[in-house]
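What follows is a set of notes on a single structure, which appears directly below.
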Amino acid sequence: MPKEIMDFFNEWKTLDVLDRQAVDGCLSSFLAHHGNATSFIGAEVPLSAKQAAVDGLIQALAYEKGAWKSWDDDATTAKALQTLRVLSRESLGCSSLFTRAGVELIMTHANLRSPTPDVNHIFAESPRVLEAIKCMCNVLLHSPPSRTIAKDLEAPRAIALILTSKEVVLSTDYTFLLYRLVFLLTVSDVATAREFVDDYHLTNVMSAALATNSQGAGFHEGVVSEILKVVYNLMHDLIGQKRDHMHSLDSSTTLEEGKIEQARVDGLREAGQPFKQLLPLIIAIVTKYPIPSSGLVPPLSHAVHALMNFPVESHKDLWFPGGDTGVLDRLVDILDATLSASLNGYEDPDEDHKMGSPKVGQIPIDEALPPLLLLLTSLAKGDSAARDHLRRRLMPADIDRSKPIDKGSSLTARLIRFMTSVTLTNVRECVCDLLYVLSNENAQTFVQYVGYGNAAGFLYQRGLMTSGIPSAGSSQSAGVSEDRPLNPITGEYDTGLFNEEWHKLLNKTGVIKAMPQMDRHP
C-alpha cells in the first residue's frame, strides 16, 4: 500500500497535466486503490511527497489559469477535487489547502465565491461543483482555522443564497452537503449562528426542508440528520447565550424572585421565537420514526440533541398541544429500547469489565445516553404535568419490591443501577438528577423510593446527606401500592435483616463504609 501511494505521488510529479487522458488515468487509479484511505504519510511516504502532490493538484485546479481549463471535461476535474478531498482526510501535508488561497480556490469551484443575482447559472449542479463542496466539507472539518477564512470569504452568505433561493431546486446530495457546511461553520460561533438566523432567516427554509425530507417514503435520513445537527448548533449558540444572560440576571438584578423567573421565561420565549416552527416537526420525527433496534441512534439521537435546547416553560403549547403527552411516552420508549439493547447481558456494567463498556450503536453509553436523560429532566422541570406523567412511567408505584429495587430487567431497575456506577459517571449523574426531579426535588421522597444505598452518593455530593442511616419506612410514603415496611437501604420490602446488599450498596458509593455486623444470636 505505501509503495502504491508513493507511485502515485511520483507519477503526478512527472505527469504532463495538460494531457487530460494521462491525468484522468492517474487520478482514476489512485481513487480506485486509495479512495477509502485515511492516512498516507509513513516510513515509505515522506511528508514532502504528499505536500508536493497536494500543491500540484491545487496548481492544476487554479481557477483562472489552471490546467483544468484545458481538460474540457467536468468528470476529470471532479476526480482532481475528489483526490484532494481524500488526501485532506489526513491534515499533514495539506497546509496549502488550508490557506486563504486554498480555501478560496475550493469555494470558487463549489460556486460559493462571489455570488451574483444570476442564481441559476452560479449554482448549477455538476460533478465538479458537487465534489468541490464535498472537499470544502473536509477542509472545514479537519482545519478549524479554515472556517474563519471561509467566513471572511462570505461563505455563509453564499450558502444562504442557495438554500433560500426559490429558483433553485436542490438534489438530496446538495441539500445534505450544504447543511453540513452550515453545521461546520456554526460550531460554537454565536455571530455566524445569528447571521444565519437573523440576516438570512434560515429557520424558515429549514422548516420547509425538514417537512419535505421527513415524510413517509420520502424520508431522507442523511438530510434530516444534518438539518437537526444545524438546529442544535444554532439553538445551542443563541438560546445558550440567552440562558447565560438570564443566569447573570439572577445574581445582579434587584427584581423580586417571581419577577426574575418571569423575566427568564419571557427572555427564553423571545430567543426561541425563530425556532418555534421547527419544534412540532422535530417532535413528529421523534413520535413517528420507527425506533431502531439499538434505540437512540440517528436520526433520533440528533432529534433529541436538537430538542434539548428548546425552552419548555415558554413553549408548553407546542410541547404538549392540548395536553398530549405523546412525546413523553415516546422518549421513555426510546430510553427503554436503548437500555434493553445496550445493557443486554450486563447485570452490572461496573463489574462486567470483560464485556467492555456498554455501547449505543457504536458510541459508548456514557456519551450517548446523557442527552436523552437531560431532555427528560428538562421536560420534568419545565412542566408539572409532564413531571407527574414521567414519574408514573419511570418511578411506578407497582415496581417489584420483593428484591432490591435495582435488581431485574425493568426500566426502573436499570436506571437505579446506574445511580451507584463508578465507571459510567455521566449517566450516573444524569439518572440521579432525573429521578431526584421526579421526586419533586425532595430528598426524603427520593430516598424512600430508590433506597438510601442507591441515593447516598448523590445526596452527599449535593450536600443533602442527613446524619445516620434511616430506619425502615412505610411503602405508602414512598408512593408504593402495597403498604408494607421498606428496607431503607435497598428499597425492597423489609425483612428485618442487615444483609450483604446493605454492605455492597453503602460501600460502593464511596461515602459510607459499612462494617459487617456480628450475628445477633450467639
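Note on residue 429: accessible area approximately 50 square angstrom, rounded to 10, probe 1.4 Å, nucleic acids and ligands left out.
In this structure the amide hydrogen of residue 296, modeled in the peptide plane, comes within under 5 Å of the amide hydrogens of 338, none closer than 5 places in sequence on its chain. Residues whose amide H falls under 5 Å from that of residue 359, counting only those 5 or more places apart or on a different chain, are 365, with hydrogens built in the peptide plane.
Couplings 3J(HN,Hα) for the stretch 181-189, derived from phi with the Karplus relation 6.51 cos²θ - 1.76 cosθ + 1.60 (θ = phi - 60°), are 5, 4, 4, 5, 6, 10, 5, 6, 9 Hz, where x marks Gly and Pro.
The per residue volume of the convex hull around the alpha-carbon atoms of the stretch 85-186 is 86 Å³.
Which percent of Cα pairs goes in each bin when the distances of the stretch 163-223 are cut into 10 angstrom slices starting at zero? Bin by bin from 0 Å, the calculated values are 20, 53, 25, 2.
Taking the square roots of five times each eigenvalue of the Cα gyration tensor of the stretch 280-375, the equivalent ellipsoid has semi-axes of 28, 12, 11 Å, listed largest first.
Suppose accessible area is computed on protein heavy atoms with a 1.4 Å probe; arrange 302, 142 from highest to lowest.
The ranking, largest first, comes out as 142, 302.
When ligands, DNA and RNA are left out and all protein chains stay put, how many square angstrom of accessible area per residue does the stretch 1-128 have with a 1.4 Å probe?
Per residue, the stretch 1-128 has an accessible area of 48 Å².
Within the assembled protein chains, the solvent-accessible surface assigned to residue 1 is about 130 Å², based on a 1.4 Å probe.
3J(HN,Hα) along the stretch 372-385: 5, 5, 5, 5, 4, 5, 4, 5, 5, 6, x, 8, 5, 5 Hz, from the Karplus curve 6.51 cos²θ - 1.76 cosθ + 1.60 with θ = phi - 60°, whole Hz, x for Gly and Pro. Maximal additional length on extending the residue 440-residue 199 stretch stands at 82.5 nm, based on 0.36 nm per residue less the C-alpha distance. The 3J(HN,Hα) values that the Karplus relation (6.51, -1.76, 1.60; θ = phi - 60°) gives for the stretch 209-223 are, in residue order, 5, 5, 5, 5, 9, 10, 9, x, 5, x, 6, 9, 4, x, 5 Hz. Gly and Pro appear as x.
What is the sum of charges, Lys and Arg at +1 and Asp and Glu at -1, for the other residues whose Cβ falls under 13 Å from the Cβ of residue 89? Counting the neighbours of residue 89, the net charge comes to +2. The alpha carbons of the stretch 340-439 occupy a box of 42, 32, 21 Å along the principal axes, longest dimension given first. When restricted to Cα atoms, the stretch 1-92 yields an Rg and a Dmax of 12.3, 38 Å, respectively.
So, R0 is 56 Å and r is the distance between the beta-carbons of residue 151 and residue 384; what FRET efficiency does that work out to, to 0.05? About 0.80, to the nearest 0.05. Taking all protein chains as they are arranged and a probe of 1.4 Å, the heavy atoms of residue 425 leave approximately 50 Å² accessible to solvent.
The values are calculated or read from the model by the stated rules, or taken from the named source; none is laboratory data. For clarity, every value in this text was computed on a predicted model and none was experimentally measured. Here the Cβ is made from the backbone with ideal geometry for all residues, glycine too, and neighbour counts use every protein chain on show. Side chains are part of the model used for accessible areas, which takes the heavy atoms of the whole protein and leaves out ligands, DNA and RNA. Shrake-Rupley method; radii C 1.70, N 1.55, O 1.52, S 1.80 Å.
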